[in-house]
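Every read-out reported here was derived from the displayed coordinates using simple, explicitly stated rules and does not represent laboratory data. Model, not experiment: these values are computed from the prediction. Don't worry about glycine lacking a Cβ; one is built from the backbone with ideal geometry, like all the others, and counts go over all protein chains shown.
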Amino acid sequence: MTKKKLLGGFVYGTTAFFAFIIIAAVVIVMTNIVAGGWSSLTKDFLLGSPEEGMTKGGIFPAIVGTFLLVMIMSIAGVPIGTMTAIYLSEYASQKSIFARLIRFAVNTLAGVPAIVFGLFGLGFFIQFIGTRVDGVLYNNGELHWGQPNILWASLTMALLTLPVVIVSVEEAIKTVPRELREASLALGATKWQTIRKVVIPNSITGILTGAILAVSRGAGEVAPILFTGAAYFLPHLPSGLSDQFMELGYHIYIMATQSPDVEATRGIQYATTLVLLILTFTLNFSAIFLRYKLRKRIIT
Amino acid sequence: MYSHSYKTLQPTDVRIKTEHLNIYYGKKQAIKDVSLDMFTHRVTALIGPSGCGKSTYLRSLNRMNDLIENSRTEGNVLLDGVNIYDKQVDVVELRKKVGMIFQKSNPFPKSIFENVAYGPRINGMNDKKKLEDIVERSLKQAALWEEVKDDLAKSGLSLSGGQQQRLCIARALAVDPEILLMDEPASALDPIATAKIEELIYELKNTYTIVIVTHNMQQAARVSDYTGFFYMGELIEFDETKKIFTMPAKKQTEDYITGRFG
Amino acid sequence: MEIPKTITNTMMKKRFRLSEFLAEKLITATAFISFAFIVLIFVFVFRETLPIFSAPEPAVSLEELGEQETYGDIVLSDAERAAEEKEKTKVAAEEGVTVENLAGDRWQPISGKPKYGLLPLIVGSLKISLISIFFAAPIAILAALFTAAFAPRWAKETLKPAIEILAGFPSVVIGFFALVVLATFVQDIFGLEYRLNAFVGGLALSLAVIPIIYTISEDAISAIPKSLTEASLALGATKWQTALKVILPAATPGIFAAILLGVGRAFGETMIVLMATGNAALLSANPFEPVRTMSATIGAEMAEVVFGETHYNVLFLIGSILFLFTFTLNAIAEIFIRQRLMKKFRGS
């Protein structure tokens, strides 16, 4: 009996301990980054440009670049993701091969390593499409689109975050009660009218959640933009879609690994990391909050 | 087959006629060879124990069963002599003329006004004045106008259960249907709200042809002119309501209406 | 009474509704984009590796032919480019981009005689993945078991957000933390020669892998029918006996899938390993030596290579291997998850 109890305590203790490790890891990483970056997080840092070979100054261009990246990404990805989700939940017959093919594609897309998206962006957007566009538009061998830039980086990122949008929107569409659809159809509304007037308005939270999660993911990923558009340092903000851009995550990577004096810029590195962390957290928490509200709707 | 005595009744126009209707969900047969006539400006009640197929039958009359992925319908549903399952039929137009009220009241999460205006709006009506007229007329027809005329901007979901159901009726009336299908419209309501709905049905039959599914036999007896009794997907008996409830021809019907059914 | 018979007039003609038609076609076509891009990813990542295999006599690829037909003006420059590419691949071919070279144990792409041995990179990736799973799997699975079987409410409500936060950490943040803090910590404990090594990288990577394994394991565990656990408890088994002897075995396929997906994630992760492993392509079994993974190699070198060069093509080859590997893992994992779902359906 006591042996059994002891063993039970042991199992309980062990599993609890491992659960505790996870919480501890989260707390340690967060504390470390907040503590390391807090003091350098000034207004000048947020609104200033890098100076003296990026050993001083701020990260404003990287913030703007990240913002532009996720904006263009969302403009491209959210409508496509939303429409795909609508197709899967409203139009597709569950038995149809086409629908299963698309589901398979979405699942596969979700599992492709980020760096492979980068390769694809380079091989497809830049080398295949970009060089052809340049061939048509500029007849002089100049590179405009056939080189890394913010458009190709954003599109690559849109592709990477597409499954996030699709899954989130589909989940939201599923919470729209069947009764509402039937009510609309029984009133003589067509399928598209029902989707437009009943399904989409009632899935807005989900579409928003999907967009936010995608933005958070896009802001945090660096691998896909390593060679599709992110730049080490730029004196100007990007002025067009064919310009390169600075980005927070990439900036952290560069500063932490390639800076001439890594130790001297620790403060800046920490502060940049903190900014990225705050950004993704704010986004994630608002997404979690929205999803929570959405789930509550299912119960009532 | 059911008793044919109703054929000797006063010849009223047949509005809906089903001929040898079979409905399948996958391999399961939900409706078995049902032939039945429903008359203009009359209320036809369909009764029977739950799972007997009465709702499935009702939903075949405006082709709502089409929405269920593996459902299959055989036989004819004739509306004014035309088979609504004909390839040529436009289901959207059909549903505009054959409205439906559901068991669970299902107003849209919109204002009262927008709920009623939904149908006219999807038909392309945008004239505010006309919409207001339609909304008022429909709400009056549904006997809801007096209660909500000052809060048309309030959410349809803020109404009580009985009011919500009348809102759904108003919403259905706003598209100008000729036939109303009601799927246990009062099953979730308290007696007072139920009485209001029944009163309303009595009023509406002057203008519409009504088919109502109910598990409440008193309700069927009160509101309907004709009653069909369904059991296990089959139509057991169909006749004038007062005959069904006083002198049923079939033993099963009698067992059911006298409450001897399991 | 006169009956209005308007119904049959309006309904007897099937209408063509343009907006309806366009909406459906547009939405279906858009849905197709996901599939199209999967195919394109396959095609374009593999396409760039092809010159390696046709090295001795690189054929003019299809798109170049197509271009000659379409745009007359740029034929020359394009043909030139193709010729140039041919030249380059030939040179490389002479230097020996053979299977032997790729199978070699040296990765020295930038030298007089470039060596493209993939072995150290593959071993590096496997090593890192193994280390990360070694840490992540027990932690995540036992924590999931704790949540499902023992945890009081407050513990669940602390753990779940913690997992969400962990999953929300951008990998570059984890990489940074590993580079700055974890590496020093590990070095001090073990008294290591190199700050950055496979062990540090794997440990950091486990932070990224834990949420995946946890989420899917937890899912698998909570999908076990209540009747099963209740039966066990009713037979007098204690909570922990039920957890170990009933819950864990029943959830095994799901947990296995979780581990596979974890491996896939670890194998494909770039930023963390790029920052925390030291990136030296050594072929060694020692976990405390620096290591260079496949993904990190692409990440570090792609920006510097000349497009169309052998080195460029080999990097795409590495990408293709990564893609195929993770693709296979995901496919296998899905089979296991499906099986579990089937069981779940049968169980209920």
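Give me the distance in nm between label points sitting 7 Å out from Cα along the Cα-to-Cβ direction at A:I204 and C:A280, one decimal.
Result for the modelled spin labels: 5.9 nm.
May I ask you to list the aspartates and glutamates whose Cα is less than 16 Å away from that of C:K25, ignoring any residue fewer than eight positions away on the same chain?
Those aspartates and glutamates meeting the cut-off are A:E90.
Place the peptides B:15-26, A:48-59 in order of packing, highest mean first, counting for every residue the other Cβ atoms within 10 Å and averaging per peptide.
Per-residue Cβ counts within 10 Å, averaged per peptide and sorted highest first, yield B:15-26, A:48-59.
Just subtract the alpha-carbon distance of A:E52 and A:A24 from 0.36 nm times their residue separation and send over the number in nm, one decimal.
6.3 nm
Can you give me the long-range amide H partners of B:Q103? Hydrogens built in the peptide plane at 1.01 Å from N, cutoff under 5 Å, separation of 5 or more residues or another chain.
Placed amide hydrogens put B:D183 under 5 Å from B:Q103.
Within a 10 angstrom radius of each residue's Cβ in B:176-183, how many Cβ atoms of other chains show up on average? Whole number is fine.
Shielding by partners across B:176-183 averages 2.
Going out from 0 in 10 Å bins, what whole percent of all Cα-Cα distances in segment C:130-243 drops into each bin?
In whole percents, the pair-distance histogram is 13, 35, 28, 16, 7, 1.
Can you give me the three principal axis dimensions of the protein assembly as shown from its C-alpha atoms, in Å, biggest first?
Dimensions of the protein assembly as shown along the principal axes of its Cα atoms: 106, 88, 55 Å.
If each DSSP helix of 4+ residues adds -39,500 (n - 2.57) and the sum is divided by the residues in chain B, what number results at 222 nm, nearest 500 deg cm²/dmol?
-9500 deg cm²/dmol
With a cap of 10 neighbouring Cβ atoms within 10 Å, and only residues DSSP puts in a loop, list the GluC sites (Glu not before Pro) found in segment A:208-300.
Listed in order of number, the matching sites are A:E263.
Between A:F98 and C:F21, what is the spin-label point distance in nm, taking each point 7 Å from the Cα along the Cα→C-beta axis?
1.6
With the cut-off at 1.5 for a/c, could you classify segment A:53-96 from its C-alpha gyration tensor as rounded, prolate or oblate?
It comes out prolate by the Cα gyration axes.
What's the local net charge at C:L121, with K and R +1, D and E -1, over the other residues with C-beta under 15 Å away?
0
For n ≥ 4 DSSP H runs only, could you compute -39500 (n - 2.57) per run for chain A, divide by its residues and tell me the 222 nm figure to the nearest 500?
Only helices count here, giving -21500 deg cm²/dmol.
Round to a whole angstrom and tell me the spacing of the C-alpha centers of segment A:108-127 and segment C:240-305.
If you average the Cα positions of each part, the centres end up 20 Å apart.
With a cap of 12 neighbouring Cβ atoms within 10 Å, and only residues DSSP puts in a loop, list the GluC sites (Glu not before Pro) found in segment B:59-164.
Filter output for segment B:59-164: B:E69.
Order of A:V222, C:V314 from fewest to most other C-beta atoms within 10 Å?
Sorted ascending by nearby Cβ count, the order is C:V314, A:V222.
At a 10 Å Cβ-Cβ cut-off, how would you order B:C52, B:C168, fewest neighbours first?
Lowest to highest Cβ neighbour count: B:C52, B:C168.
Under a cut-off of 21 Å between alpha-carbon atoms, report the lysines in cross-link reach of A:K56, not counting same-chain residues fewer than 8 places apart.
A:K43
Below 8 Å between Cα atoms, with a sequence gap of 6+, how large is the relative contact order for chain A in percent?
Result for chain A is 26 percent.
Can you sort A:S39, C:S320 so the residue with the fewest Cβ neighbours within 10 Å comes first?
So the residues, fewest neighbours to most, are A:S39, C:S320.
Along segment A:204-209, what does the Karplus equation 6.51 cos²θ - 1.76 cosθ + 1.60 (θ = phi - 60°) give for ³J(HN,Hα), rounded to whole Hz, x for Gly and Pro?
4, 4, x, 5, 5, 4
Quick one: work out the % antiparallel among DSSP beta bridges in chain B, nearest 5.
60
Could you list the chymotrypsin sites (Phe, Trp or Tyr not before Pro) in segment A:132-187 that lie in coil according to DSSP, counting only those with at most 14 other Cβ atoms within 10 Å of their Cβ?
Of the chymotrypsin sites (Phe, Trp or Tyr not before Pro), the ones in loops of segment A:132-187 whose Cβ has at most 14 other Cβ atoms within 10 Å are A:Y138.
Over the Cα atoms of chain A, what Rg and Dmax result, in angstrom?
So, for chain A, Rg and Dmax equal 23.5, 87 Å respectively.
So what's segment B:84-213 giving for Cα Rg divided by 2.2 N^0.38 Å, two decimals?
Here the Cα radius of gyration is 1.02 times the empirical estimate.
Can you give the % of DSSP beta bridges in the protein assembly as shown that are antiparallel, to the nearest 5?
Approximately 60 percent, going by the DSSP bridge assignments.
Considering only the other residues whose Cβ falls under 13 Å of the Cβ of C:L283, what net charge follows from Lys and Arg at +1 and Asp and Glu at -1?
Spelling it out: positives minus negatives among the neighbours equals +2.
Note the per residue figure in Å³ for the convex hull of the C-alpha positions in segment C:222-319.
Dividing the Cα hull volume of segment C:222-319 by its residues yields 150 Å³.
Could you tell me what % of all Cα pairs in segment C:5-53 have separations over 17 Å?
Summing the P(r) tail past 17 Å for segment C:5-53 gives 64 percent.
Using alpha carbon coordinates only, what is the Rg to Rh ratio of segment C:119-346, with Rh defined as the Kirkwood radius?
When Rh is taken as the Kirkwood radius, the ratio is 1.05.
Contact order normalised by length for segment C:119-346, with contacts defined as Cα pairs under 8 Å and 6 or more residues apart; what percent is it?
Answer for segment C:119-346 is 30 percent.
Determine the shielding of peptide A:191-198 by partner chains: average, over its residues, the number of Cβ atoms on other chains within 10 angstrom of each Cβ.
Partner Cβ neighbours, averaged per residue: 5.
By a straight-distance test (C-alpha under 20 Å), which aspartates and glutamates pair with C:K226 as possible cross-link partners, with residues fewer than eight away in the same chain excluded?
Excluding near neighbours in sequence, the set is C:E218.
From other protein chains only, count the Cβ atoms within 10 Å of every residue's Cβ in C:288-301, then give the mean.
2
What fraction of the Cα pairs in segment A:151-275, stated in percent, has a spacing above 26 angstrom?
Of all Cα-Cα distances in segment A:151-275, 45 percent exceed 26 Å.
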